[in-house]
Amino acid sequence: MSAPPRAPKKPTEDAPDSGSRSVVQSLVDRTGSPLALGLTVVLLVVFVAGAIDTDNFLTASNIRSVLRTSAYVGILATGLTFVTISGNFFLLSLNEMAMVASVSFVTFIAMGFGFVGSLLAVMVIAGLIGALQGMIVGFGGNPIVVTLGAAGVLFGVASAFSNNEVLPMTRPHPAEWLGSGLLAGVPAITWTFLLVVIAGDLVLRHSRFGRTVTLIGANKEAGKLIGLHPLRTSISVFAISSCAGALVGIMVSSQLSQGGVELFADAVGPGGDLTIGAIAAVMVGGTAIHGGEGSVLRSALGAVFIAAINNMMVLRGFTNGPRLLFVGMAVVLGVTVYALSRRGQS
Amino acid sequence: MSASTSVPATSDATRSHLLKRVLREPQLPFIAVLTVIMWVGFAATTDNYGSFNGVFALGTTLTTVGLASLGLTVTIIAGEIDLSIGTNAALASVIAVQFSDSLGALGAVLLAITVSSLIGAFNGFGIAKLRVSSLMFTVGMLTVLWGAARIVSGERTVTLTNFEFGDFLKERWWIFSPTLVIVLLAVLAVAMFLRYHKYGREIYAVGGARKEAIAAGISLTRPMVIAFLIAGACAGLAGALVGQRGGSASPDGLQAILLTGTTAAFVGGASIRGGRGSGFGALFGAIAVAVLSVGLSFRGTPQYLQSAWIGALLVTVVLIEIVAQRIDTANTRREVLQKVSGTRARQGPAPPKET
């Protein structure tokens with residue numbers, strides 16, 4: 001077990017380190033708040049020491065598994081980053097959106113829509129559900145409250161539609177490759193994660209739409225004055241985020257060949273449920289809660305970081321309780337660092 | 001509710017002033033009427049709902065919904081929200097059950113409430129000192145407390161061995177139970193504190209007009225710590241009572257009280273923009289939500305559909321608030337315009353006389 005994985009040990013060990021170094025670098029550049037920097041450094045030292053000290057953590061297969069586990073939360077965090085940057089905080093309905101998508105995807109497949117047809121149909125539904133939430137928020141509703149209510153409604157709808165049962169998919173089904181396929185030795189789930197992150201990053205940084213979202217998040221009034229539409233923006237970002245939630249629901253269903261609400265109740269360990277995990281990833285990634293600033297790449301890195309901590313603690317024999325506690329503490333610490341660095345800035 | 005509504009009521013504007021009060025005040029009479037209609041509707045169509053047992057069941061549901069609503073209302077008045085209220089309550093319920101043997105039931109309950117209150121105070125302190133959004137801070141604490149609840153319970157559902165105190169909580173005093181009396185006393189205490197105590201007024205001040213309040217010399221820390229301490233105490237009391245009454249506690253339970261509590265708080269007239277809401281409003285909202293959810297239960301509606309109804313109610317309340325806010329802004333603008341044009345008309349002929 002020890003001989004073959006030694007070869008990829010070096011590059012993989014560098015991967016999280018180089019990413020975090022850029023975070024530290026940007027912290028130094030932006031802030032000069034020694035406490036914030038100190039907290040970040042302590043967290044990273046603990047993480048690196050843990051990575052080296054934990055048996056079987058830095059092996060190729062384990063790193064693959066970390067990347068696969070982080071994919072779901074990472075995709076959600078990518079979508080959520082748009083909402084957060086646009087100044088609309090979070091969605092609390094992501095997990096429930098994934099439930100609805102899972103149930104409806106399995107139903108569409110069973111109806112013989114095929115993979116592409118079902119995917120598109122689910123995405124349209126998700127886009128509409130997201131757009132509706134975005135519209136209410138755009139008219140002046142509080143995003144947290146609106147999506148909390150929406151979460152209740154979507155949970156009820158998904159449960160009622162599936163009769164609160166797990167719907168099996170007859171195998172082989174057309175979505176099998178997405179859930180368990182491999183391409184060049186890397187799971188399709190990880191490829192999807194990568195594609196979504198790259199696409200999200202390109203759109204956010206290099207498209208007109210991405211810049212609109214950032215500007216409106218930074219200064220809504222200024223955006224209005226130069227002729228942008230905050231309402232349209234909030235509709236779009238909520239639709240994007242909901243589609244990310246739906247994609248995760250589809251991927252979970254493809255992987256487990258099942259659809260249902262139960263799959264999302266406690267399926268995804270890291271931050272408790274998917275929604276909380278995605279919010280944690282965005283916040284650990286340091287996206288500004290007040291909008292106008294943030295990065296899809298950092299959110300994705302946050303998701304990988306949380307999944308890595310989680311995986312490390314599993315390997316060291318910790319149960320769910322301490323894992324949740326630690327992830328929560330990482331978030332609180334991230335918030336503290338964020339607050340201190342912002343104060344150093346002003 | 002706050003002093004900002006003191007627009008002088010001129011004789012010609014009495015009607016619009018009345019409309020403004022209805023739009024701006026927590027609509028308690030409206031909610032009360034709606035609740036009664038809802039209750040009569042359920043009672044007429046559902047077996048047993050109007051009976052003694054049905055009313056008693058309402059009181060039981062009111063324990064969690066009422067306390068969650070009360071705690072959330074206080075933080076919403078302060079212009080923030082405590083997302084960790086569900087897991088804080090779960091932690092309290094686990095503590096109240098787990099330590100019942102070693103500390104005695106009452107000791108365990110007091111320990112649970114103390115721990116939850118201190119966590120709440122910590123939330124408030126962190127939010128005020130770091131000047132971060134309560135959303136960020138409490139979403140992190142949500143996960144921390146979830147983990148803590150699982151650690152305390154040893155990752156499983158814990159059960160009581162001595163049911164004496166739990167049975168006492170379930171006793172019936174006419175339509176009241178000891179639990180309900182405790183909840184009503186908590187509501188009364190918090191409502192009085194918010195309305196009449198200086199520190200309670202400070203919570204309204206930092207919620208309704210934070211910059212002005214700080215400029216006027218109010219520290220942000222004290223009202224924040226007090227508001228979140230009350231929220232933590234409510235969560236702790238709810239968790240402890242539920243754990244003792246039910247005889248068991250799950251570290252993953254009670255998270256749904258965030259949805260029901262928030263719905264109740266907004267139905268009860270709290271405004272997300274802060275500075276508005278009251279302790280009795282929280283109770284009225286909770287009664288409305290309890291009437292709905294117990295009604296659905298009595299009709300055999302599954303739990304998941306109840307959450308759909310309550311979620312829909314929350315979204316509806318938000319929509320109503322948006323519309324009311326828009327009408328209110330339009331009215332204010334019209335009034336100001338009228339006033340401005342009125343003074344101009346009066347000032348028009350005035351200068352020649354003075355000179």
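The values are calculated or read from the model by the stated rules, or taken from the named source; none is laboratory data. Since this is a predicted model, take the numbers as computed values, not measurements. All Cβ positions, glycine included, derive from the backbone under ideal geometry; neighbour counts span all protein chains shown.
Structure values in brief
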| item | result |
| --- | --- |
| Looking only at region A:331-346, and only at residues there that are touching a helix residue (DSSP H, G or I) at 6+ places or on another chain (Cβ under 9 Å) and among the small types (Gly, Ala, Ser), the one that is surrounded by the most Cβ atoms within 10 Å (Cβ to Cβ) | A:GLY334 |
| Filter pass, A:SER159 being more than 10 Å from every other protein chain (Cβ to nearest Cβ), among the polar types (S, T, N, Q) and crowded, with 24+ Cβ neighbours inside 10 Å | no |
| Condition check for B:GLY200: out of contact with any His (no Cβ under 8 Å at 6 or more places or on another chain), of a type outside the set (A, V, I, L, M, F, W, C) and within 30 Å of A:PHE318 (Cα to Cα) | no |
| Residue check, B:ALA265 within 23 Å of B:SER278 (Cα to Cα), away from chain A (no Cβ under 14 Å), modelled with pLDDT of 90 or more and buried (at least 24 other Cβ atoms within 10 Å of the Cβ) | no |
| Residue within region A:256-273 that is within 21 Å of A:ALA199 (Cβ to Cβ), within 13 Å of the chain's Cα centre (by Cα) and crowded, with 24+ Cβ neighbours inside 10 Å present | no |
| A:VAL137 free of Cβ contacts under 8 Å to residues at least 24 places away in the same chain, buried (at least 24 other Cβ atoms within 10 Å of the Cβ) and either of a type outside the set (S, T, N, Q) or over 28 Å from A:VAL166 (Cα atoms) (or both) | no |
| Qualifying residue in region B:213-228 (condition: within 30 Å of A:ASN320 (Cβ to Cβ), in contact (Cβ under 8 Å) with a residue 12 or more places away in the chain and buried (at least 22 other Cβ atoms within 10 Å of the Cβ)) | yes |
| Residues of region B:34-50 satisfying the condition of being touching a Phe, Trp or Tyr at 6+ places or on another chain (Cβ under 9 Å) and in a helix (DSSP H, G or I) | B:THR35, B:TRP39, B:PHE42, B:ALA43 |
| Unmet requirement for B:ILE95, which otherwise passes all of (1) within 30 Å of A:ARG342 (Cα to Cα); (2) surrounded by 24 or more Cβ atoms within 10 Å (Cβ to Cβ); (3) of a type outside the set (Gly, Ala, Ser) | (1) |
| Unmet criterion (only one of (1) more than 20 Å from B:ILE81 (Cα to Cα); (2) more than 12 Å from chain A (Cβ to nearest Cβ); (3) part of a loop (DSSP other than H, G, I, E, B)) for B:PRO251 | (2) |
| Flag if A:GLY328 is more than 12 Å from the chain's Cα centre (by Cα) and buried (at least 23 other Cβ atoms within 10 Å of the Cβ) | yes |
| Condition broken by A:ASN163, with the remaining ones in (1) over 24 Å from A:VAL282 (Cβ atoms); (2) modelled with pLDDT of 90 or more satisfied | (2) |
| A:LEU154 being at pLDDT 90 or above, within 12 Å of chain B (Cβ to nearest Cβ) and surrounded by 19 or more Cβ atoms within 10 Å (Cβ to Cβ) | yes |
| All helices (runs of 4 or more DSSP H) inside region A:270-346 with 1 or more residues being more than 16 Å from B:LEU130 (Cβ to Cβ) and facing another protein chain (nearest Cβ under 8 Å) | A:274-284, A:320-345 |
| Helices (runs of 4 or more DSSP H) within region B:51-164 that include 3 or more residues within 10 Å of chain A (Cβ to nearest Cβ) and either modelled with pLDDT of 95 or more or out of contact with any strand residue (DSSP E or B) (no Cβ under 7 Å at 6 or more places or on another chain) (or both) | B:105-130, B:134-153 |
